[in-house]
1. Modelled label-to-label distance, Gln127 and His76, 7 Å Cα→beta-carbon offset: nm?
2. Run the 1.4 Å probe and let me know the accessible area of Leu188, rounded to the nearest 10 Å².
3. I'd like the orientation of helix 3-18 relative to the chain: the angle between its Cα long axis and the longest Cα principal axis, in ° from 0 to 90, rounded to 10.
4. Using a 1.4 Å probe over the heavy atoms of the protein chains, calculate the carbon and sulfur portion of the accessible area of the chain as a whole percent.
5. Mind listing the long-range amide H neighbours of Val51? Cut-off is under 5 Å, sequence gap 5 or more, other chains count too, H placed in the peptide plane at 1.01 Å from N.
6. Please give the charge dipole size of segment 48-104, origin at the Cα centre, charges +1 on K and R Cβ atoms and -1 on D and E Cβ atoms. Round to the nearest 20 debye.
7. Measuring with a 1.4 Å probe in the full set of protein chains, what accessible area per residue, in whole Å², belongs to segment 1-89?
8. Above 17 Å lies some portion of the pair distances; for segment 1-112, what is it as a whole percent of all C-alpha pairs?
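The values are calculated or read from the model by the stated rules, or taken from the named source; none is laboratory data. On a predicted model such as this, the values are computed, not experimentally measured, just so you know. Please note: Cβ atoms are built from the backbone with ideal geometry, for glycine as well, and neighbour counts cover all protein chains shown. The protein model used for the area step is the full one, side chains on, heavy atoms only, and it has no ligands, DNA or RNA in it. Shrake-Rupley method; radii C 1.70, N 1.55, O 1.52, S 1.80 Å.
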Amino acid sequence: MNPELEFAQCFESATALDGELAARCFLATCSPDGRPSVRVVFHRPGASQRVRFFTNYLSRKGQEIAGNPQIAVAFHWPQLNRQVRLEGVCVKTTPADSDAYFAARPRDSQLAARLSQQSQPIESVTQLRAQHAAELSAVDPGTLSRPAHWGGYELIPDRIEFWTAGAARLHERVLWKLGPAGWVSELLAP
Ligand SMILES: Cc1cc2nc3c(=O)[nH]c(=O)nc-3n(C[C@H](O)[C@H](O)[C@H](O)COP(=O)(O)O)c2cc1C
């Protein structure tokens, strides 16, 4: 079994049960000097089915990824009794990929992505919302282009762990590691 395929199949099953909620994942990044940070993002798989998310490249996470591309992601799908953890290197998706995703977003989200300097200090969220509302009604309803600071990232995993709940906390943990000969798995104590 290829763990990347298994991940994609699990995500599909979780989505069938939970819809949009299944796409939430915890994304951990780490600054070059070793300070970790974690937040929730939505997994938006593309053709490769790998973990893909869209964000502001200048946000805290974007800056941390620029300095240290190693990331970790965790999903919890309670209805499947499963947790999946993935680790590896994160790369920006192509501009064409980001453009296509941006173009498919609702107009108010597109405008928010253009306006928000994500993770920067601001004076007032009311002011930002007012600016958003004004621009939403004022802007010519033609196409809004994707700002250069916003786009996708994809995780190229080299570790994937599938955790499946078991009785008496004797859960099953299958850890896959990518080595020179391909993916190999081992069982870990719960
Ligand atoms: C359910 C949920 C989904 C989210 N999805 C995203 C997302 O896909 N992209 C994103 O940039 N932020 C998303 N956020 C906001 C992030 O959690 C975070 O606040 C933001 O990206 C700034 O993080 P940073 O300062 O560490 O860069 C989401 C938050 C929640 C609660």
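1. 3.7
2. 50
3. For helix 3-18, the angle is close to 60 degrees.
4. Reported share for carbon and sulfur atoms: 55 percent.
5. Leu155
6. Dipole of segment 48-104, to the nearest 20 debye: 180 debye.
7. 50
8. 58
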